[in-house]
Each structure stands twice: as structure tokens, then as C-alpha cells.
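*Asks:* Sharing a structure with you now.
Read the figures in this text as sums done on the coordinates, not as results from a lab. This one's a predicted model, so the numbers in the text were calculated from it and none came from an experiment. Reconstructed Cβ throughout: ideal geometry from the backbone, glycine too, with neighbour counts over all protein chains shown.
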Ligand code: ADE
């Protein structure tokens, strides 16, 4: 999968060099290119924002650098890319979204800052690819960078070969619509706390039933919104 990220803080994405995703980049499973939006400006101050038409607080990102950046990252595209703009005003990014995007050959992420990006940029981007405005949740970050880091990790780990044991992807929170069951390892007794005896029983059916029950209990307690009425 090819990933292009456009941001005014490209060094934030240095963190993608480490851990699982770093290995995936080294092995060629993930081909990540990070671009500085200011490289697509032409004035001495490398200006990327301006005051909003109609007045109001804050600054809006100018369309021209975005237009040039999107042209550049989609110019040699082998397939029609999906162009993601993280935004608190977007649709919710979920595990299902991550699964859907994990099969796309080319993802472009545009990180907004300030009060947002000139709205015409989204309209123009739709000529170059399939545009998705995606929100991590109902809170506001200072910009799209941290959201893109989260999305790239959630999507990247679903690409076959990125996570060593694919079975570990199956029994995770949100994969079957429920939260994950609790996990324990040795020792069986630690600071007067026991591992649930069923897990030591060797009875696979009983273990599976207990885990399912724990998933339901947890989901009911912590995330009742995930359960059907
Ligand atoms: N940018 C700012 N806040 C955001 C959020 N909650 N999700 C995605 N992108 C954002």
C-alpha cells in the first residue's frame, strides 16, 4: 500500500519509523511518503493560511498550496486514491472504516490545522480521488496529524503480513462488535490476585464460553451503545 501524508508538521510522522509499522515500511508492505505543505507555497513567508471570508475567529488554510500538493501526490497514481481529511466534522472512523481502507492501494492523508481548510479543496480533491472526511471521535484536536497517526496505525496493522500472527487480529475489541475479553499470563497467583480458574482448566469449550460471557459483561458495562437494543 502506498500512503502519502501532507502536513505542515512532517516531522511528527517520524514516529512511523518505529515498531511494527516501521518494519512494514522496511519490508516494502507499506510505502509511506510525508510531504511538507509549505513546499507547495511560493511566497517568502511560505504562507499556508489566511483570514476567513465573512469574518470570525481563527485562520483558514489557503486552497492554492493544497491544490498543488494534491496534484503532486496523485500525479503518478497507479489507481484512483482514497483522499482522507481528518476532521471533527467528518464521519466516524471505526474498525470497519480501517478494514475498508486497508484494501485500498493508495491512501492520501491531508492534515488540516487552524480552523480548517478552504472548503473548495474538498470539492477539487474529489476530482483526483474518493474523498473521505473522517473523525476519530467527538473531541477536537489541534490538527489532523495525531488523528492520521492513529488511522495509519489502525489501517496498516490490517494489511496482511504487517502483524506477525494474523490470529491475534481476530479476537480483538471491535472486530466482532464487542469489547475484547480480559487476558492473563503467569504467575497464576500475583499479589494475592488469582487468574480465573477456568483459564487453568484445560477445558477449551469452557474457556471459550467464559471469554464470550466476559465480552458481553464488559460491553454492557463500558459500551452499552455497541449492543443491539
Ligand atoms: N482534527 C481535529 N480534531 C479531530 C478529530 N476529532 N478527529 C479527526 N481529526 C481531527
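*Asks:* Please work out whether the range 46-141 counts as rounded, prolate or oblate from its C-alpha gyration tensor, where a ≥ b ≥ c are the square roots of the eigenvalues and a/c under 1.5 means rounded, while otherwise a/b larger than b/c means prolate and anything else oblate? Don't jump to the answer; show the numbers that get you there.
*Replies:* Numbers: a/c = 2.63, a/b = 1.27, b/c = 2.06.
Because a/c hits 1.5 or more and a/b fails to exceed b/c, the range 46-141 counts as oblate.
*Asks:* What shape does the range 180-229 take by its C-alpha gyration tensor, where a ≥ b ≥ c are the square roots of the eigenvalues and a/c under 1.5 counts as rounded, a/b above b/c as prolate, and the rest as oblate?
*Replies:* Taking the square roots of the gyration eigenvalues as a ≥ b ≥ c, the range 180-229 is oblate.
*Asks:* To check you understand DSSP bridge types, tell me what percent of the beta bridges within the chain (both residues inside) are antiparallel, rounded to 5.
*Replies:* 15
*Asks:* Moving on to the next point. Please determine, in degrees from 0 to 90 and to the nearest 10, the orientation of helix 145-156 with respect to the longest principal axis defined by the Cα atoms of the chain, where the helix direction is its Cα long axis.
*Replies:* Tilt relative to the chain: about 50 degrees.
*Asks:* Running a GNM on the chain with Cα contacts under 10 Å, which residue among 188, 57, 77 ends up with the highest mean-square fluctuation?
*Replies:* With Cα springs under 10 Å in the chain, the top fluctuation among 188, 57, 77 is at 188.
*Asks:* Which of these, 22, 205, 143, has the largest mean-square fluctuation under a Gaussian network model of the chain (Cα springs below 10 Å)?
*Replies:* Taking springs between Cα atoms under 10 Å, the residue moving most is 205.
*Asks:* Taking the Cα centroid of the range 1-19 and of the range 128-203, what is the distance between the two, rounded to the nearest whole Å?
*Replies:* If we compute the Cα centre of each part, the gap is 21 Å.
*Asks:* Taking 0.36 nm per residue of sequence separation and subtracting the Cα-Cα distance, how much length would be gained by fully extending the chain between residue 26 and residue 194, in nm to one decimal?
*Replies:* The span from residue 26 to residue 194 would gain 56.3 nm if fully extended.
*Asks:* Just how far, in whole angstrom, is the range 42-70 from the range 73-119 if you go by their alpha carbon centroids?
*Replies:* Distance between centres, Cα-based: 20 Å.
*Asks:* Relative to the first principal axis of the alpha-carbon coordinates of the chain, what is the inclination of helix 204-222, with its axis defined by its Cα atoms, in degrees from 0 to 90 and to the nearest 10?
*Replies:* 50
*Asks:* Suppose the Debye formula is applied to equal point scatterers at every Cα of the chain; what is log10 I(q)/I(0) at q = 0.12, 0.14 Å⁻¹?
*Replies:* Debye curve over Cα of the chain, log10 I(q)/I(0) at q = 0.12, 0.14 Å⁻¹: -0.77, -0.95.
*Asks:* How much length would be gained if the chain were fully extended between residue 123 and residue 176, taking 0.36 nm per residue of separation minus their Cα-Cα distance, in nm to one decimal?
*Replies:* So the extension gain works out to 15.6 nm.
*Asks:* Now for a different question. Rounded if a/c is under 1.5, else prolate if a/b beats b/c, else oblate: with a ≥ b ≥ c from the C-alpha gyration tensor eigenvalues square-rooted, which is the range 123-220?
*Replies:* prolate
*Asks:* Viscosity 1.306 mPa s, temperature 10 °C: give me the Stokes-Einstein translational D for the range 1-100 in µm²/s, with Rh taken as the Kirkwood radius over C-alpha pairs.
*Replies:* Here the translational diffusion coefficient equals 100 µm²/s.
*Asks:* Would you kindly state how much longer the chain becomes between residue 18 and residue 209 on full extension, computed as 0.36 nm times their sequence separation minus their alpha carbon distance, in nm to one decimal?
*Replies:* Value of the extension gain: 65.0 nm.
*Asks:* For the peptides 105-116, 156-167, what is the packing order when you average, over each peptide's residues, the other Cβ atoms within 10 Å and list the highest mean first? Don't skip to the end; give the middle numbers.
*Replies:* Working: 105-116: 21.3, 156-167: 13.9.
With the highest mean Cβ count within 10 Å placed first, the list reads 105-116, 156-167.
*Asks:* Still on this structure: Compute the helix-to-body angle for 63-74: its Cα long axis versus the longest principal axis of the chain, expressed 0 to 90° and rounded to tens.
*Replies:* 60
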